[in-house]
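The next block holds one structure in the form of structure tokens; read it before the comments.
Computed from the coordinates by the stated procedures, all read-outs in this text should not be read as laboratory data. Here the structure is a predicted model, which is why all the values come from computation and not from measurement. Using ideal geometry, Cβ is built from the backbone for each residue, glycine included, and neighbour counts are taken over all protein chains shown.
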Amino acid sequence: MALKIPADLRRPHIESVTLSIIVAGYLTAVNNATFWQRSQELLPTGALLALVAGLFCLLAALCITISVKYATKPLFILLIMISATASWFVDKFGTIIDVEMLQSALDTTNAEAGHLISFGFIRHVALYGILPSLLIIWVKIEHRSIWNKLKQNSAYIFPALIVAITIFILNASTFTSLGREHREWIATLNPVMPIGNAVKLGIRSSKNQNIIVQPLGLDAKIASITSGTRKPKLTIVIAGETARAESFSLGGYKKNTNPELASQDITYFSDTSSCGTITAVSLPCMFSVYTRDDYSHEKGLATENLLDVLKHAGVRVEWWDNNTGDKGVAERVTNEALSGSNNPKYCKNGECLDGIFLDKLDAWMPTVKQDTVLVLHQLGSHGPAYYLRYPEEYRRFTPDCQSAEFSKCSREEILNAYNNTIAYTDHIVSSVINKLKDKQDTLDTSLIYMSDHGESAGEFGLYLHGAPYFVAPSQQTHIPYVLWLGKDAKTTINQDCLTKEAPQPQSHDKLFHTVLGLMQVKTQAYLPELDTLASCRLKTTDPVVAQKLEPQTAK
């Protein structure tokens, strides 16, 4: 009779400390390609070897500390899966997994997330995350009694910490100086930084639940007219998505991505910077009263914004969203999400082309009977699935990448697909201008287009966006800014002055005050020095136009 071996004896047995050291070695070496490549570029050989040893000792101490019975496998698997997932985005796209990037991930829609979960991503996570996790599940971990485990673990933890601390003290000047000069280097360390930033996000989210929004601009009012009448004002603000100035032919780009806007009587501000490199930062910031230097996530949540001030003044305010939401900007005004409309002409799989705005405007514009501001939040050029952001007739630059997985395309194909999204945005913005032109007999119309941030398309090995601002390349922070004024609005502006203003530095800081100026809203919150048009407004004695002078300066 064959001897039957119990199933438990067929599984490899391994002590918890041994497994902890193996996992620490795996975390140190395997999913940190970007970090070690950058370390090799920055550090001399001796300091590099010291860093390897120091990090390994720290991770070993951590893994041994958490190797508690019943919790060891879940915690080790969690560390490995986080490491594997983060390394895909860090290594493939140059993404920095900071607090804002994690916030953006939480805000991502199912459709958007689907574009990121490609075959390459699944293969990477399976190989570097799931496979080692299955091995951990398979083995049987041997744990000692509580007292013996405490003694054994301490015998490893404290020496490992002493070695690590000694290494970092001896190399402190090198590590500290390089860390300060190249903060993006430390930010790629996996899984330490993603986990640390996740904890920060959790703390921030907890604090945000207790924030009470403070009112702003309660004194706001529309400048009165002493004689005569005027048409209702309509300003449309198009909040662009992921459009970079580098790909706008209006600013000198070699490919003609803006043929329709080039034929319009617009002003293009060629030197405009964004408040952030990610929608969750830029969108609230550009509508806030704060400049980029003063803005913070907490301040943005705790203070009413441009839309609230306009509403206080009696302006009709609406927000139409074809993206992942308004990020809290439009919570207190009329807000409509178009991506869920399932309009078969424009929508598929939970996402809609921006052309959906155009049909809706045709039915909506005749309803404007009072001063109104409408914000259109585009899907624009959001990647990596650029090819889904434009219809077939806007495949002007070919061959264009027809995949969300960039490894399947050449850089030229990726750029072509991205440039097609810019050409389609050109069409959308120009079409909105045409609709405003058609209403000039009954409305005083104007339009502002500003992108929220830019996009990297392979420059410096980076793709997409979201780099921390202090290291972000110009492709992610240099954005397009377009202004169109209807025939009534033009009568208040010195056009020669505006032409001279076009090449001057602009930023998201200007949007709040420029819109208030266009809408003739007086409030102490308004600052003329941050109004793009303030220095070009005509001074006149005409009793009607006189009321179009800039509101009083904030104290």
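Determine the sum of side-chain charges near Ala330: Lys and Arg each +1, Asp and Glu each -1, restricted to other residues whose C-beta is under 11 angstrom from that of Ala330.
Net charge in that neighbourhood comes out at -3.
Only loop residues by DSSP count here, and only those with at most 12 other Cβ atoms within 10 Å; note down the trypsin sites (Lys or Arg not before Pro) in the range 208-296 that meet that. Let's see the in-between values first.
Numbers: sites: Lys221, Arg230, Lys233, Arg244, Lys254, Lys255, Arg292; in loops: Arg230, Arg244, Lys254, Lys255, Arg292.
When the trypsin sites (Lys or Arg not before Pro) of the range 208-296 are filtered for loop state and at most 12 Cβ neighbours within 10 Å, Lys254 remain.
Pairs of lysines in the range 11-207 whose Cα atoms sit within less than 27 Å of one another amount to 10, provided the residues are eight or more positions apart or on different chains. Taking the dipole about the Cα centre of the chain, with the C-beta of Lys and Arg at +1 and of Asp and Glu at -1, give me whichever of Leu201, Cys497, Tyr390 is farthest to the positive side. Going by the charge dipole, the pick is Leu201.
Among the listed pairs Lys369/Lys539; Lys233/Lys345; Lys233/Lys369; Lys369/Lys437, those with a Cα-Cα distance over 19 Å are Lys369/Lys539; Lys233/Lys345. Among Asp293, Asp359, a tally of other beta-carbon atoms within 10 Å of each Cβ gives an order, fewest to most, of Asp293, Asp359.
Which whole-number percent gives the relative contact order of the chain, counting Cα pairs below 8 Å spaced six or more residues apart?
Numbers: 945 pairs, mean separation 110.2, N = 555.
For the chain, the relative contact order is 20 percent.
Neighbour counts of other Cβ atoms within 10 Å put Val52, Val192, Val482 in the fewest-to-most order Val52, Val192, Val482.
Computed packing ranks the peptides 448-456, 264-272 as 448-456, 264-272, most packed first, by mean other Cβ atoms within 10 Å.
In the chain, the DSSP-assigned H stretches of four residues or longer account for a calculated mean residue ellipticity at 222 nm of -13000 deg cm²/dmol, using -39500 (n - 2.57) per stretch and the full residue count as denominator. With 18 Å as the limit, the listed pairs Lys327/Lys435; Lys439/Lys510; Lys439/Lys490 have Lys327/Lys435; Lys439/Lys510 beyond it between alpha carbons.
Scanning the chain for cysteines with no neighbouring cysteine C-beta under 4.7 angstrom from their C-beta gives Cys57, Cys63. Counting neighbouring beta carbons within 10 Å and listing from fewest to most, the residues Lys73, Lys207 come out as Lys207, Lys73. Its convex hull of Cα atoms gives the range 235-379 a direction-averaged projected area, equal to a quarter of the hull surface, of 10.3 nm². Summarising the overall dimensions of the range 221-548 from its C-alpha atoms, the Rg and Dmax are 19.1, 65 angstrom. Straight Cα distances below 20 angstrom link Lys299 to the aspartates and glutamates Asp98, Glu100, Asp107, Asp308, Asp326, Glu331, Asp452, Asp509, with same-chain residues fewer than 8 positions distant left out.
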